[in-house]
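The next block holds one structure in the form of structure tokens; read it before the comments.
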Amino acid sequence: MEIKNFDTKKTNTWCPGCFNFAILNSMKETLTNLVNQKKIKKENIVSVCGVSCAGKIFDYINVNGFLSLHGRVIASAIGINIGNPNLKIIGFSGDGETYSEGLNHLAQAARKNIDMTMIVHDNQAFALTTGQQTPTTEIGYRGKSNPSGTFDKPLNPISFALICGATFVARTTATNPKHMNKVFEEAIKHKGFAFVEVLQPCITFHNNMDYFRKNIYEIKLNDFDGAMKLALEWDYNLNGAKIPIGIFYKESRKTFVEQLPNKGPFYNIKRSTKINNLINEFK
Ligand SMILES: Cc1ncc(C[n+]2csc(CCOP(=O)(O)OP(=O)(O)O)c2C)c(N)n1
Ligand code: SF4
Ligand SMILES: [Mg+2]
């Protein structure tokens with residue numbers, strides 16, 4: 001049966017004009033296309049979200065989902081993946097929760113090649129809690145918790161994901177829906193850990209939209225060294241540097257579950273009739 005969309009009836013509480021709407025629309029369009037082209041099954045898609053403006057997307061995409069804690073999207077997704085490796089897991093998480101509390105999980109999921117897509121809505125601020133600095137905030141940003149200006153060197157999540165062993169590493173921007181669609185599709189089709197950073201200006205607390213619009217440029221796929229070189233071109237400060245967007249790197253490597261010596265306990269759990277009925281209802 002043809003799927004029309006992934007809309008839900010939940011009231012949306014993002015600020016009017018928030019770029020999370022663009023991410024939401026792009027993801028719903030990508031999923032609709034992939035399901036209708038029979039590349040993935042609707043009943044196999046699982047969204048995993050945390051606590052953040054980004055995490056509110058949980059309510060707005062009509063798929064199975066697990067609403068986790070702040071910074072625990074990847075940890076929850078790993079459990080889901082081991083429990084049922086046939087599921088198509090898509091994590092949605094803020095930059096603050098992913099790169100502060102959740103950073104170790106990102107490193108482990110990348111090196112273990114957990115089969116999931118990880119979408120990070122990077123607005124370089126803790127937006128839900130009104131704009132404090134995160135690990136990717138640029139030097140000099142003045143927020144409520146740092147009125148004299150941020151002085152910490154920003155983390156570079158693209159080079160971090162590469163060095164940790166992610167098998168798909170991409171950056172896109174919520175200001176460019178066509179580019180987002182392309183990157184989301186490739187990430188979801190990838191077998192293994194697909195890391196996608198979406199530059200998402202927070203129009204209320206941290207609006208870097210003009211800098212992004214002026215400085216982004218598109219790249220082609222690279223080998224590891226080339227990808228790392230490109231990743232280091234922008235250090236997340238707003239100092240005039242150009243921002244490469246696109247798929248930096250992709251490789252094929254066995255996933256964590258594919259390497260488990262004994263797949264029995266994870267795969268062979270018989271589903272109860274009740275669960276089967278629920279799944280059929282969802283179809
Ligand atoms: C364990 C834990 N730590 C901190 C918080 C407080 N908290 C909730 S949302 C949030 C900000 C989220 O920022 P980010 O992850 O960047 O996502 P955004 O809101 O910007 O989309 C914080 C600090 C929490 N709820 N739980
Ligand atoms: S605070 Fe920022 S990220 Fe959160 S909904 Fe508003 S504009 Fe969007
Ligand atoms: Mg944020």
The size of the Cβ-based charge dipole (Lys, Arg +1; Asp, Glu -1) of segment 93-237 about the Cα centre, to the nearest 20 debye, is 160
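Compute the longest continuous run of the chain that contains no exposed GluC sites (Glu not before Pro); treat a site as exposed when its DSSP state is not H, G, I, E or B and it has at most 15 other Cβ atoms within 10 Å. Show your work: numbers first, answer last.
Values: sites that count: Glu2, Glu101, Glu233, Glu251.
That would be 102-232.
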The farthest towards the positive end of the charge dipole of segment 1-107, of the residues Asn86, Gly65, Gly96, given +1 on Cβ of Lys and Arg and -1 on Cβ of Asp and Glu, is Asn86
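Using alpha-carbon pairs under 8 Å, 6+ residues apart, how would you state the relative contact order of the chain in percent?
Numbers: 580 pairs, mean separation 50.9, N = 283.
Taking the mean separation of contacting Cα pairs over the length of the chain, I get 18 percent.
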Gyration tensor on Cα atoms of segment 1-151, a ≥ b ≥ c root eigenvalues, a/c under 1.5 rounded, else prolate if a/b beats b/c, else oblate, says oblate
When Phe184, Phe58 are ranked with the fewest other C-beta atoms within 10 Å first, the list becomes Phe58, Phe184
With 0.36 nm assigned to each residue of separation and the Cα-Cα distance removed, Lys153 to Glu101 gains 17.0 nm
By the Cα gyration tensor axes a ≥ b ≥ c (a/c under 1.5 gives rounded; else a/b larger than b/c gives prolate, otherwise oblate), the shape of the chain is prolate
For the chain, longest principal axis from Cα atoms; helix 103-112 axis from its Cα atoms; angle between them, nearest 10 degrees, is 50
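Is there a pair in Lys112/Lys250; Lys220/Lys242; Lys39/Lys112; Lys153/Lys189; Lys56/Lys182 whose C-alpha atoms are over 27 Å apart, and which pairs would that be? Kindly include the intermediate steps, with their values, before the conclusion.
Numbers: Lys112/Lys250 15 Å; Lys220/Lys242 15 Å; Lys39/Lys112 24 Å; Lys153/Lys189 34 Å; Lys56/Lys182 23 Å.
Violating the 27 Å limit, Cα to Cα: Lys153/Lys189.
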Full extension between Asn44 and Lys229 adds, at 0.36 nm per residue less the Cα distance, a length in nm of 63.0 nm
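Determine the gain in length on full extension of the stretch Ile3-Glu218; use 0.36 nm per residue of separation and subtract their C-alpha separation, reporting nm with one decimal. Each step should come with its number before you reach the end.
On the way: separation 215, 0.36 × 215 = 77.40 nm, distance 3.14 nm.
Result: 74.3 nm gained on full extension.
None of the figures in this text is laboratory data; all of them are computed from the coordinates on show. Since this is a predicted model, take the numbers as computed values, not measurements. Note that each Cβ is placed from the backbone with ideal geometry, even for glycine, and that neighbours are counted across all protein chains shown.
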